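Here's the structure we're looking at; comments come further down.
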Amino acid sequence: MIGNAGSFFKNPEVDKSVFQSLKIRFPSMVAYEMENGKYKLAAGWLIESSGLKGYVSGNAAVHDKQALVLVNKGKATGSEIFALSEHVLQTVFSKFGIQLEREVNII
C-alpha cells in the first residue's frame, strides 16, 4: 500500500470562453459543463497532460495510475509533498494557464 491523501487537487472551474480556447488547443481535454454555464476541467487530465503522471521527486511522487493523487514512497516529509504539489501547480499553470487549487488542508 502506498501512503496518500486521496485526490490532492480540486477540479478547476473556468468560464466558457476559457474552455473554448483551451479545447481548440487541446482537443482531448476532459471537461464537464456545469449548470452555472462554467466548465469543470479534470485536474487529473491537466496533470497527466503536463507529463507528470508517475513523476517522482525524492520520496514523493505523482501516482503512476491516477495523476490527481500524490503519494509518499515511504519516507517523504511534509515539505517534500508540499514541494511536489508546488511543482505540479507551476507545471500545469505554465502549460495551460490554469491555476489548480489544493484540495487537502495544509497547515
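Throughout, read-outs are computed from the coordinates displayed, never taken from laboratory work. Remember, predicted model here, so these are calculated numbers, not experimental data. Cβ: placed from backbone, ideal geometry, glycine included. Neighbour counts: every protein chain shown.
Of all residues in the stretch 1-32, those satisfying the criterion of being part of a loop (DSSP other than H, G, I, E, B) and without any contact (Cβ under 8 Å) to a residue 60 or more places away in the chain are Met1, Asn11, Asp15, Pro27, Ser28, Met29, Val30.
Taking the stated definitions as given, is Ala61 assigned to a loop (DSSP other than H, G, I, E, B) and either among the hydrophobic types (A, V, I, L, M, F, W, C) or within 20 Å of Gln99 (Cα to Cα) (or both)? No. Out of the stretch 77-107, which residues are of a type in the set (S, T, N, Q) and in contact with a strand residue (DSSP E or B) (Cβ under 9 Å, 6 or more places away or on another chain)? Thr77, Ser85, listed by residue number. Determine whether the stretch 13-28 contains at least one residue that is buried (at least 16 other Cβ atoms within 10 Å of the Cβ), small (Gly, Ala, Ser) and under 18 Å from the mean Cα position of the chain (by Cα). Checked the stretch 13-28: no residue is buried (at least 16 other Cβ atoms within 10 Å of the Cβ), small (Gly, Ala, Ser) and under 18 Å from the mean Cα position of the chain (by Cα). Here Ser50 passes the criteria (1) under 24 Å from Ser21 (Cα atoms); (2) in contact with a Gly (Cβ under 9 Å, 6 or more places away or on another chain); (3) of a type in the set (S, T, N, Q) except the one numbered (2).
Listed by first and then second residue, the pairs linking a residue in the stretch 33-48 that is of a type in the set (Gly, Ala, Ser) to a residue that is assigned to a strand (DSSP E or B), with Cβ atoms under 7 Å apart and 6 or more places separating them unless they lie on different chains, are Ala42/Ala31; Ala43/Phe9. Checking each residue in the stretch 67-97 for being crowded, with 17+ Cβ neighbours inside 10 Å and in a loop (DSSP other than H, G, I, E, B) picks out Ala67, Leu68, Ala76.
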